[in-house]
1. Keeping every protein chain present and rolling a 1.4 Å probe, give me the accessible area per residue for the range 29-124 in Å².
2. In straight Cα distance, which lysines are under 29 Å from LYS87, not counting same-chain residues fewer than 8 positions off?
3. How many percent of DSSP beta bridges within the chain run antiparallel, rounded to 5?
4. Could you tell me the relative contact order of the range 1-71? Use alpha-carbon pairs under 8 Å, at least six residues apart, and round to a whole percent.
5. Note down the nm distance, to one decimal, between modelled labels 7 Å out along Cα→Cβ at SER30 and at ARG102.
6. Could you work out how much longer the chain between GLN116 and ALA61 gets when fully extended? Use 0.36 nm per residue separation minus the Cα distance between them, nm to one decimal.
7. Hey, got the dipole for the chain? About the Cα centre, +1 on K and R Cβ, -1 on D and E Cβ, debye to the nearest 20?
8. Taking the Cα centre of the chain as the origin and placing charges on Cβ (Lys, Arg +1; Asp, Glu -1), which of GLY117, SER25, VAL5 is farthest toward the positive end of the dipole?
Amino acid sequence: QVQLVESGGGLVQAGDSLRLSCAASGRTFSSNAMGWFRQAPGKEREFVAAVGWLNAITMYADSVKGRFTISRDNAKNTVYLQMNSLKPEDTAVYYCAARLIRTVGRRSDDYDYWGQGTQVTVSS
C-alpha cells in the first residue's frame, strides 16, 4: 500500500522558515515526479512546487518562487519543501503528491497519490 506522510508543519511568525518532509512508502518514487500543493480555508487546492525524477527539473508557483525550494532524496524516498521568508498568506494545509510518470505537472489531476497534509500557520 502506497503512503505519503508529510511532516514539519507548525506555527511560525512571518519571516521565519520551515522545512516540510514527505516520506513515501509502499513503492519507490525515485523515477517519478513529486509535488507540493496547499489549500487555505475557503480556497481551492493550489500548486506550490514540483520536482522531476532528478533534482535538476523543478517548477514553482509564482507566489513562492525565490522563497521556497523543493528537493528530493531518492535514497530516502523523501521529498522536501524548504520554505523561507514565510508570509501570513502562506498559511494552509500542505499536501505532498506523487505522479506515476517522470515529468512534472502543476495540476492536481496530474498526480496519482496524495498525503494527508500538514498544517502550516504563519502569524503576522
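The values are calculated or read from the model by the stated rules, or taken from the named source; none is laboratory data. In this text, all values refer to a predicted model and were calculated from it rather than measured experimentally. Here Cβ is always computed from backbone atoms with ideal geometry, including for glycine, and neighbour counts include all displayed protein chains. Only protein heavy atoms, including side chains, enter the accessible area calculation; ligands, DNA and RNA are left aside. Shrake-Rupley method; radii C 1.70, N 1.55, O 1.52, S 1.80 Å.
1. Accessible surface, normalised per residue, equals 49 Å².
2. Counting by Cα, and skipping residues close in sequence, LYS87 has these lysines nearby: LYS43, LYS65.
3. Around 90 percent of the beta bridges assigned by DSSP in the chain are antiparallel ones.
4. Values: 88 pairs, mean separation 15.1, N = 71.
Rounded, it is 21 percent for the range 1-71.
5. 1.4
6. Here the answer is 17.7 nm.
7. 240
8. Ranked along the dipole, the leading option is SER25.
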